[in-house]
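One structure is given below, encoded as structure tokens.
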Amino acid sequence: MILGQADSPPMKPLRIPPCARAALALLPFLGAAADPPALAVRNARIVTVTGPVLENGTLLVRNGLIEALGGNVPVPANAWVLDGAGLTVYPGLMDALSTLAAGADLPQPGAASPRNGPSAPSGATPARGPEDRPLTTSWIKAADTLQAADRNIDLFRQAGFTGAATFPTRGIFGGHGAVINLASAPAGKMVVEPSVGLYAALATGGAGSFPSSLMGSISYIRQIYADAAHYVAMKEAYAANARGRQRPAYDRALEGVLEARRLLLPGSRAVEIERSLRLAAELKVRAVLYGGHEAYRVTEPLKQSGMPILVSVKWPERDPNGDPDEVESLRQLRLRAQAPGSPAALAQAGVRFAFYSDGLQSPDQIKRGVRRAIENGLDETAALRAMTLAPAEIFGVADRLGSIEPGKIANLVIADGPLFAETTRIRYVVVDGVKYEPVQRENAR
Amino acid sequence: MRALYLAAALAAALHAETFLLRNVTVHPVSDPDIPNAAILVRDGRIADVGTRLAAPKGIRVIDGKGQHVFPGMINSATMIGLSEVGAVSAGNDVGEAGDFNPQLRPLIAVNPDSEHIPVTRANGITSVVTLPVSLTGTSGGGIIPGHASLLRLDGWTWEEMEINRAAAMVLQFPEVRLSINTPGELRPVRIPFLEARRTYESRLRDLTTFFENARRYQRARTAGDAQLRTDIRLEAMLPVLEGKVPVLLLAGNERAIREALAFGGREKLKVILGGVRDPGAAMAAIKAAGVPVILREPTDLPGREDDPYDHNYSLPARLHKEGIRFALGSFNNQFARNIGFQAAFAAAYGLPPQEALRSVTLSPATIWGQDDSLGSIEKGKWADLVLADGDILEPRTNVTQVFIHGRETGVESKHTRLYRRYLARP
Amino acid sequence: MKHPYSLALLTQAILAAPPVVIRNAHVIPVTRPAFTGSVVIENGRIRQAAEQVTVPQGATIIDAAGQYLMPGIIDCHSHIGVEAINEGSVSVSSMAGIEDVIAPEEIAIYRALAGGVTTANVLHGSANSIGGKCAVIKLRWGASAREMLFEGAKPGIKFALGENPKRTNSPSSRGAGTARYPTTRMGVEDVIREAFTEAKAYQKEWREYQLKTERREPAIAPRRDFKLEPLVDVLENRRFVHAHCYRSDEILMLLRVAEEFGFRIRTLQHVLEGYKVAKEIAAHGAGASTFSDWWAYKVEAYDAIPYNAAIMLKKGVLVSINSDSPDVIRRLNTEAAKTMRYGGLTETEALSLITINPARQLEIDGRVGSIDTGKDADLVLFDKHPLSNYAVAQKVFVDGELRFDRARDLAARPEREAARQALLERERPGARRAPARRAQ
């Protein structure tokens, strides 16, 4: 426990039962709810991502923002000062596609089957076609349903995550994602950007409910976009002259689609990536793909499309519930062997990509996944970028997040060694200028 | 239609089961082919075969017009007579309820007027094994669904069709099944391996227990226990335990085959291994056990993505190379008539053509214990003969007449009747 | 494998490839008498096919003495190489399309290719009266989903009549599921008539809009309806109808409904009782794509006879033999051969059922279906006559490119097994995790 260090404010020694320690994991700075005081890190190695590495620099944080950095930055007298000797400061990590704190998923029409994930409330009716807007909650926003009390916030922050793009991911059109800071703060204060994109998946409904197949799901997405275009035309005409015109019915599903700043489309295997690239081009939407395991085979089309891809670090594994005697296909084995090489291939091809957790619950697993990408040829700088600046750029918040630059939000991770090394410990995490200290677990890596 | 002219001509002949079939090339299977030969049939049996046979006085002579004669083919796995239209459950008599039904005998449920009989026969298949279990699906029948019956495709009643009502006891060896089809679900449901194995182990225990019970019953019976009450099920197991009736052990893949053979060995059963499709490394175990095999159709799709594309096409050739005796079975009704074509496919992929023909004639006759009466054109055997204008394993060949016990069955069926009727539609 | 995901590279490869001459083969062009001679392949096309040919400079020579060269086989009814088959939730699922779900790496494609098939009409399933859109593909094994599509082939749509759309065979009908209209053949007819009535109204709505815009009157474009658009395509002869059917009554019903709405059924699929109404089918101008000898698997297949193809052919119907199966597609040549036993077709007639006839049915006969100068070099080399059960495809060319070679396949087997073992070894616990060698 490193509570109550010299540079921390005096605090009552807490008695925490051992079992609760893990849950608390990170304890926020006292008084975090109020304006945080200035914070300075001295004599640290600073990896800015956008600029050169400062080998022995000082970083000043004030009002939640990075105020200055350099070799010789004056530190205000009342600032908390961290001695950064032997430490490295990185921009805080960001999970580029997460459901962290995204809130409860809402019921959707046509989601009658338990196969579809968490079972829908009873009374869910089968959808008879696109007009029933099956598996759609395109109007909901993670920013509006944010659960600040999500316990996983602590867990991820301890591992150096300071932010996430978090989405409602149920059904075909799940809802709008938000870029949030993993702060111990009221939901509203966590939100950095409330609506960064609409999450779409090629999901299917219960038996007897449209769509029940992959091609049905694709056709539905296509129809929704056509309906949205028509809806706009009808609304505009009505707004111009309501007299004598029938009122177009308000359609929240289309409103949600029209509001989308980007469309997230699935693409893990090569064939899926190409399919989503085609669909995005056809719909004329700005798309962000997610999946990316077989991206190493389709770097060229990805590059040409200019569309970024979020790469899941949950690499494919042998099915633990499968038959141990099963002779797996070469294709399957190759995918398993080569998927972690996709990030390196994307980096080499100049395709913008970012990493995401893909349901991995433990930050350790996520880091292990990133390490595998590094072992498979991705250089560490590119790996860091894929968890900092790249997601910020992809979601249009690079003016605020993703690197250590004056004026950006002070989201930092301070570690005692190279960030992805197995032995490195994270010493401090700064979110919105507030310092958090990981509670070092007995056997933490 | 040559077939029809000839059939009409032959129908007029006298003394149906005694005749001389001359001017034919004989393919005896048991011996080299004999061109320009004749076959003397007396009372339904082959009395002589040769190139210098003279027609006994007053005997009916059939001119084969240079055609070929083959022994009638035997299809070693069908459901003929038990199932008419696959999708109609009301007409299905395969798959009785319960896991252990050794007392069941398919023969007595064979519908002698099933349209499958003339349709199958018209392609030169004269005998079939009919099984009480559906092997195209995964449904029903349990572990011991009953006997396999061997029948000839001619007769007014099932009694007249019988060759052997208890040709074997069918034993569907339990397998670890990782996916099951459930009504109302579009896709099969995946089951975790450990759970599937538990289910499998429990079924294997049921099987072992059933055999233990049968053994105890056998001991009590041998001891002449006066208190012993007759148990029809266990009674049916006695010939199996005594090795008098073989067990058709159905096991498809390597693991199941190994375990089924081990079981057969432990229980000292007379085993015919059936439904084999992917023996893998268990080939050696089959060879070591010295048991014959009933193979599925060589056109079965390979089970795994990376299997060679001709994996099952070449399986008969691989068995032959190992010296394993085998016969082919359709394991369905719909394509039962194509068993000869299936044999040819095996030949296309490495099985010597003579062996291909043998796998649907003499080999099954031997495996089913009928090599003294069926499967080849030899003196003393039943005159189950097929007259054709070429190789009966080829699709272009026309089968012109089929004899069963010397009786001309013709090659008419529902199919030819509808053909003629609608060809003539104005 | 070449880089599999670029049409540009694919095209370049064909154009850059040296010409190929297949020599001394028994050539079966199907559209004209067979001969012993050579076929010259250049730029993916058949440059010359004759007893004597001019061998281009630098040509690769394949000596095919004793072997049989026929056009690549065409399957007019297949479901291979897709990730989904049925959008079975609705009675009219014309918005769904096979083109969206092509799975170019599905092994069934390779196995079909190894059986000599070079083109397949990949259809939506038969769960609904009006099913989804179809895709004609070339079996360019190794190419991407997009590159598999037969460029320029007219799009199609699947219809289905009888037991399947009325759901007697669906799993849910056995469960407690609620009945989905239709449940009778009467209902099937109604669904089709309702859909086309709707499509006509939709067509009219768009025509009016177009007229208005032509007259420069203010107008808002109607809502695009992806369910009705393919039906308008049908009405305007831009899309072929491939209709799954069995019984003579339903066949006749569909012909009459189509005539009522002013379109033509391009092919009747399966059409097992087509022989009963061959005259009517021929009069309507529909093609028929049937099985060789399937029967008795359901009630509507109980009057199926293997003479079906022969009767229809003799009565003037354009007939093909299809597979509808990843198994049967591997041996369509011997399926076609059965028509010689059942109905006495000639060798050429039999082979036309799986080459030029399906090509005509799909209106791609300008490109494929026979060995003629200028056509795509889609060819199969068999070691024996292709109508023999003993024949094995040795080499299969698609667009002049050797996409299957039995010798190469056999030779590659140990390598593939070694590659598998190496990958498994890497995964073994304790194995040092070396970076994977990247695929090309």
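Mind listing just one residue for me: the one in segment C:90-111 that is of a type in the set (S, T, Y) and either open to solvent by 10 Å² or more (accessible area, probe 1.4 Å) or in a strand (DSSP E or B) (or both) and, of those, farthest from A:R331 (Cα to Cα)? Steps first, answer last, please.
Looking only at segment C:90-111, we keep the residues that are of a type in the set (S, T, Y), and these are C:91, C:93-94, C:110.
Now restrict to residues that are either open to solvent by 10 Å² or more (accessible area, probe 1.4 Å) or in a strand (DSSP E or B) (or both): C:91, C:110.
Working: C:S91: 37, C:Y110: 14 Å.
Across segment C:90-111, the extreme among qualifying residues is C:S91.
For segment B:146-172, give me the residue count where each residue is assigned to a loop (DSSP other than H, G, I, E, B) and either surrounded by fewer than 20 Cβ atoms within 10 Å (Cβ to Cβ) or modelled with pLDDT under 95 (or both). Can you show your working first?
Step one: filter segment B:146-172 for residues assigned to a loop (DSSP other than H, G, I, E, B), giving B:153-157.
Adding the requirement that they be either surrounded by fewer than 20 Cβ atoms within 10 Å (Cβ to Cβ) or modelled with pLDDT under 95 (or both) leaves B:155-157.
Selection size over segment B:146-172: 3.
Taking into account only those residues within segment C:69-118 that are among the polar types (S, T, N, Q) and within 14 Å of chain A (Cβ to nearest Cβ), which is farthest from C:H244 (Cα to Cα)?
C:S89
With respect to B:A365, determine if the residue is farther than 20 Å from B:S149 by Cβ, open to solvent by less than 10 Å² (accessible area, probe 1.4 Å), assigned to a helix (DSSP H, G or I) and not assigned by TED's automatic domain parsing to the domain that holds B:V29. Break it down stepwise before answering.
Numbers: farther than 20 Å from B:S149 by Cβ: no; open to solvent by less than 10 Å² (accessible area, probe 1.4 Å): yes; assigned to a helix (DSSP H, G or I): yes; not assigned by TED's automatic domain parsing to the domain that holds B:V29: yes.
Taking the combined requirement at face value, the residue does not satisfy it.
Tell me, which helices (runs of 4 or more DSSP H) wholly within segment B:186-293 include 3 or more residues that are of a type outside the set (A, V, I, L, M) and open to solvent by 10 Å² or more (accessible area, probe 1.4 Å)?
Numbers: elements: B:193-222, B:232-241, B:254-266, B:283-289.
Counting at least 3 such residues, we get B:193-222, B:232-241, B:254-266.
Is it fair to say A:A337 is over 15 Å from A:L265 (Cβ atoms), hydrophobic (A, V, I, L, M, F, W, C) and in contact with a Gly (Cβ under 9 Å, 6 or more places away or on another chain)? Lay out the reasoning, then the answer.
Details: over 15 Å from A:L265 (Cβ atoms): yes; hydrophobic (A, V, I, L, M, F, W, C): yes; in contact with a Gly (Cβ under 9 Å, 6 or more places away or on another chain): no.
Considered against the rule, which asks whether it is over 15 Å from A:L265 (Cβ atoms), hydrophobic (A, V, I, L, M, F, W, C) and in contact with a Gly (Cβ under 9 Å, 6 or more places away or on another chain), A:A337 comes out as no.
Which residues, taken from segment C:219-255, are under 17 Å from C:V317 (Cα atoms) and part of a helix (DSSP H, G or I)?
If the condition is that a residue be under 17 Å from C:V317 (Cα atoms) and part of a helix (DSSP H, G or I), then C:S248, C:I251, C:L252, C:L254, C:L255 are the ones that fit.
Would you kindly identify the strands (runs of 3 or more DSSP E) lying entirely within segment A:54-106 that contain at least 2 residues that are at pLDDT 95 or above and either among the small types (G, A, S) or closer than 23 Å to A:L384 by Cβ (or both)?
Numbers: elements: A:54-62, A:65-70, A:80-83, A:88-91, A:93-98.
The strands (runs of 3 or more DSSP E) meeting that bar are A:54-62, A:65-70, A:88-91, A:93-98.
Counting only residues that are farther than 26 Å from C:L351 by Cα, charged (D, E, K, R) and within 13 Å of the chain's Cα centre (by Cα), how many does segment C:69-107 have? Break it down into steps so the answer makes sense when it comes.
Applying the first criterion (farther than 26 Å from C:L351 by Cα) to segment C:69-107 yields C:82-106.
Still in the list and also charged (D, E, K, R): C:83, C:87, C:99-100, C:105-106.
This time we only want the ones that are within 13 Å of the chain's Cα centre (by Cα), so: C:99.
Of the residues in that region, 1 qualify.
What is the residue count in segment B:392-426 for residues that are part of a loop (DSSP other than H, G, I, E, B), in contact with a strand residue (DSSP E or B) (Cβ under 7 Å, 6 or more places away or on another chain) and within 14 Å of another protein chain (Cβ to nearest Cβ)?
4
Tell me, yes or no, whether segment A:260-279 has at least one residue that is in contact (Cβ under 8 Å) with a residue 60 or more places away in the chain, basic (K, R) and touching an Asp or Glu at 6+ places or on another chain (Cβ under 6 Å).
yes
Pull out all pairs, ordered by first then second residue, where Cβ-Cβ is under 6 Å, the residues are six or more apart or on different chains, the first lies in segment B:328-344 and is free of Cβ contacts under 8 Å to residues at least 60 places away in the same chain and under 22 Å from B:S413 (Cα atoms), and the second is open to solvent by less than 10 Å² (accessible area, probe 1.4 Å) and part of a loop (DSSP other than H, G, I, E, B).
If the second residue must be open to solvent by less than 10 Å² (accessible area, probe 1.4 Å) and part of a loop (DSSP other than H, G, I, E, B), the pairs left are B:F341/C:N389; B:Q342/B:P298.
Give segment C:364-376 a look and list any residue that's in contact with a helix residue (DSSP H, G or I) (Cβ under 9 Å, 6 or more places away or on another chain) and crowded, with 24+ Cβ neighbours inside 10 Å, or say none. Show your work before the answer.
Within segment C:364-376, the subset in contact with a helix residue (DSSP H, G or I) (Cβ under 9 Å, 6 or more places away or on another chain) is C:364-370.
Listed by number, the residues that qualify are C:V368, C:G369.
What's the total number of residues in segment A:216-260 that are part of a helix (DSSP H, G or I) and basic (K, R)? Write out each step before concluding.
Just the residues of segment A:216-260 that are part of a helix (DSSP H, G or I), to begin with: A:216-240, A:252-259.
Now restrict to residues that are basic (K, R): A:222, A:235, A:252.
Number satisfying all stated conditions: 3.
Quick one: would you say C:D249 is out of contact with any helix residue (DSSP H, G or I) (no Cβ under 6 Å at 6 or more places or on another chain), among the acidic types (D, E), within 14 Å of chain B (Cβ to nearest Cβ) and in contact (Cβ under 8 Å) with a residue 12 or more places away in the chain?
Numbers: out of contact with any helix residue (DSSP H, G or I) (no Cβ under 6 Å at 6 or more places or on another chain): yes; among the acidic types (D, E): yes; within 14 Å of chain B (Cβ to nearest Cβ): no; in contact (Cβ under 8 Å) with a residue 12 or more places away in the chain: yes.
Considered against the rule, which asks whether it is out of contact with any helix residue (DSSP H, G or I) (no Cβ under 6 Å at 6 or more places or on another chain), among the acidic types (D, E), within 14 Å of chain B (Cβ to nearest Cβ) and in contact (Cβ under 8 Å) with a residue 12 or more places away in the chain, C:D249 comes out as no.
Looking at C:P306, C:P326, which is the one that is open to solvent by less than 10 Å² (accessible area, probe 1.4 Å) and touching a Lys or Arg at 6+ places or on another chain (Cβ under 9 Å)?
Just a single option satisfies the conditions, and that option is C:P306.
One residue is enough: does segment A:296-309 have a residue meeting the conditions on the phi > 0 side of the Ramachandran plot and open to solvent by 30 Å² or more (accessible area, probe 1.4 Å)?
Filtering segment A:296-309 down to residues on the phi > 0 side of the Ramachandran plot leaves A:306.
Filter once more, keeping what is open to solvent by 30 Å² or more (accessible area, probe 1.4 Å): A:306.
Within segment A:296-309, one or more residues are on the phi > 0 side of the Ramachandran plot and open to solvent by 30 Å² or more (accessible area, probe 1.4 Å).
Scan segment C:271-298 and report the pairs whose first residue is part of a loop (DSSP other than H, G, I, E, B) and whose second residue is open to solvent by less than 10 Å² (accessible area, probe 1.4 Å) and among the small types (G, A, S), with Cβ atoms within less than 6 Å and a gap of 6+ or a chain change.
Filtered contacts from segment C:271-298: C:V271/C:A288; C:L272/C:A301; C:L272/C:A304; C:W295/C:A301; C:W295/C:A304.
Each row is one residue, and each column tells you yes or no for (1) open to solvent by 30 Å² or more (accessible area, probe 1.4 Å); (2) in the same structural domain as A:R45 (by TED's automatic domain parsing).
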residue: A:G377; (1), (2): yes, no
residue: A:A390; (1), (2): no, no
residue: A:G402; (1), (2): no, no
residue: A:A421; (1), (2): yes, yes
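Mind listing just one residue for me: the one in segment C:336-358 that is hydrophobic (A, V, I, L, M, F, W, C) and more than 12 Å from every other protein chain (Cβ to nearest Cβ) and, of those, surrounded by the fewest Cβ atoms within 10 Å (Cβ to Cβ)?
From segment C:336-358, those hydrophobic (A, V, I, L, M, F, W, C) are C:336-337, C:340, C:345, C:350-351, C:353-354, C:356; that's our starting set.
If we keep only those that are more than 12 Å from every other protein chain (Cβ to nearest Cβ) too, we end up with C:353-354, C:356.
On the way: C:L353: 32, C:I354: 30, C:I356: 23.
Residue satisfying both the conditions and the ranking: C:I356.
Looking at C:T31, C:T36, which one is part of a loop (DSSP other than H, G, I, E, B), of a type in the set (S, T, Y) and open to solvent by 60 Å² or more (accessible area, probe 1.4 Å)? Talk me through it step by step, then tell me what you get.
On the way: C:T36 fails: part of a loop (DSSP other than H, G, I, E, B).
Being part of a loop (DSSP other than H, G, I, E, B), of a type in the set (S, T, Y) and open to solvent by 60 Å² or more (accessible area, probe 1.4 Å) holds for just one of C:T31, C:T36, which is C:T31.
Can you tell me which of C:Q421, C:Q394, C:Q361 is in contact with a strand residue (DSSP E or B) (Cβ under 6 Å, 6 or more places away or on another chain) and open to solvent by 10 Å² or more (accessible area, probe 1.4 Å)? If you could, list the steps in order and put the result at the bottom.
Numbers: C:Q421 fails: in contact with a strand residue (DSSP E or B) (Cβ under 6 Å, 6 or more places away or on another chain); C:Q361 fails: open to solvent by 10 Å² or more (accessible area, probe 1.4 Å).
Result of the check over C:Q421, C:Q394, C:Q361: C:Q394.
List the pairs whose first member sits in segment B:46-68 and is among the polar types (S, T, N, Q), whose second member is open to solvent by 40 Å² or more (accessible area, probe 1.4 Å), and whose Cβ atoms are under 7 Å apart, counting only residues at least 6 apart or on separate chains?
B:T51/B:I34; B:T51/B:N36; B:Q67/B:D389
Has segment B:323-332 got at least one residue that is on the phi > 0 side of the Ramachandran plot and within 14 Å of another protein chain (Cβ to nearest Cβ)?
Yes - at least one qualifying residue is present in segment B:323-332.
Can you list the strands (runs of 3 or more DSSP E) found entirely within segment A:261-374 that contain at least 2 residues being of a type outside the set (F, W, Y) and within 14 Å of chain B (Cβ to nearest Cβ)?
Numbers: elements: A:263-267, A:287-291, A:309-312, A:353-356.
Where strands (runs of 3 or more DSSP E) fall fully within segment A:261-374, none carries at least 2 residues being of a type outside the set (F, W, Y) and within 14 Å of chain B (Cβ to nearest Cβ).
Condition check: of a type in the set (G, A, S), open to solvent by less than 10 Å² (accessible area, probe 1.4 Å) and either at pLDDT below 95 or farther than 27 Å from A:A354 by Cα (or both). Does A:G197 satisfy that?
Numbers: of a type in the set (G, A, S): yes; open to solvent by less than 10 Å² (accessible area, probe 1.4 Å): yes; either at pLDDT below 95 or farther than 27 Å from A:A354 by Cα (or both): no.
Against the criterion (of a type in the set (G, A, S), open to solvent by less than 10 Å² (accessible area, probe 1.4 Å) and either at pLDDT below 95 or farther than 27 Å from A:A354 by Cα (or both)), A:G197 does not qualify.
The values are calculated or read from the model by the stated rules, or taken from the named source; none is laboratory data. None of the values given here were measured: they were computed from a predicted structure. Don't worry about glycine lacking a Cβ; one is built from the backbone with ideal geometry, like all the others, and counts go over all protein chains shown. All accessible areas refer to the heavy atoms of the entire protein, side chains included, with ligands and DNA or RNA removed. Shrake-Rupley method; radii C 1.70, N 1.55, O 1.52, S 1.80 Å.
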